[in-house]
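Remarks on the structure that follows.
Each value in this text was obtained by applying a stated rule to the coordinates, not by laboratory testing. What you are looking at is a predicted structure, and each value in this text was computed from that prediction instead of being measured. All Cβ positions, even for glycine, are placed from backbone atoms using ideal geometry, and neighbour counts span all protein chains on display.
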Amino acid sequence: MSDVQRRGQDGAWRRIARGLRARPGRGQVVAAALCGVLAFAVVAQAHTTSRSNGVTAARPQDLLTILADLQGRADRLRGQVADLQVTQARLAGGSAGTAAALTEERRRAQALGIRTATVAARGPGAVLTVTDPRGSVRADVLLDAVEELRDAGAEALQLGGVRVVASTSLVDVEGGVKVDGTTVHAPYRLVAIGDPRTLASALGIPGGVVDTVASQPGAHATVTTSPGLAVTALRPLTTPRYARPAPGQSP
């Protein structure tokens, strides 16, 4: 190696050494921090995408089922709006308004009786039957089924001979589930009165109640529809201990 090459190599090493000993400037620190943040964001996004198991990862058939369920709920809401508009027009119909009001009050009393579980209910609907020979299905799974059916428009519910109302509680106990103080054993039979197709779709959506039950060891869920079901279990109507109608308000 010639003297010129040796001096050039020594000069290069001295420049590298000075660069390593020199303190980085503020701009260099900021650039390094931004590169680190960008790298972290890219890794996090890739990790999230790889673990995605939501709607974006669903099959086309599953997406169609979810869409049909949402459309069914929208149709029910539009139907309720139309019914209320018809009722409003009928009640405002002059001299015929009194008779229409009485008819409407009777209809509302019957509907209220069904909601408060003081009268029996009959009509089309769906039945969820859960077999659980190993006792692996917990109360939260049945509660999810109740909530799904309510969201799908179920007007009356009955689980294992117990009428399900808004205040119903489900608690895990040895050998079954306690429904408002009554122990219910498998196979669990949940009866819901409402639109059969909509109720069945709500239970069968991907990742829903049927799939959740199937993931439990030995458990299996089946959904059947019927044009005529009966919910006959009743609840006593309790009298409020403290609440009273406010002045100027109808009871």
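For E155, neighbours were defined as the other residues whose beta-carbon sits under 14 Å from its Cβ, and their charges (Lys and Arg +1, Asp and Glu -1) total +4.
Using all pairs of distinct alpha-carbon atoms, the Kirkwood hydrodynamic radius of the range 58-234 works out to 17.7 angstrom.
Each Lys or Arg adds one and each Asp or Glu takes one away; over the other residues whose Cβ falls under 13 Å from the Cβ of A121, this sums to +3.
Between L229, Y242, L143, the Cα set farthest toward the positive side of the dipole of the range 112-251 (charges on each charged residue's Cβ, about the Cα centre) is that of Y242.
If a spin label sat at a point 7 angstrom from the Cα of T224 along the line to its beta carbon, the backbone N atoms of the range 128-158 nearer than 11 Å would be those of 128-129.
Positive contributions from Lys and Arg (+1) and negative ones from Asp and Glu (-1), summed over other residues with Cβ under 12 Å from the Cβ of T183, come out at -2.
The stretch between S167 and A68, if pulled fully straight at 0.36 nm per residue, gains 32.7 nm over its current Cα-Cα span.
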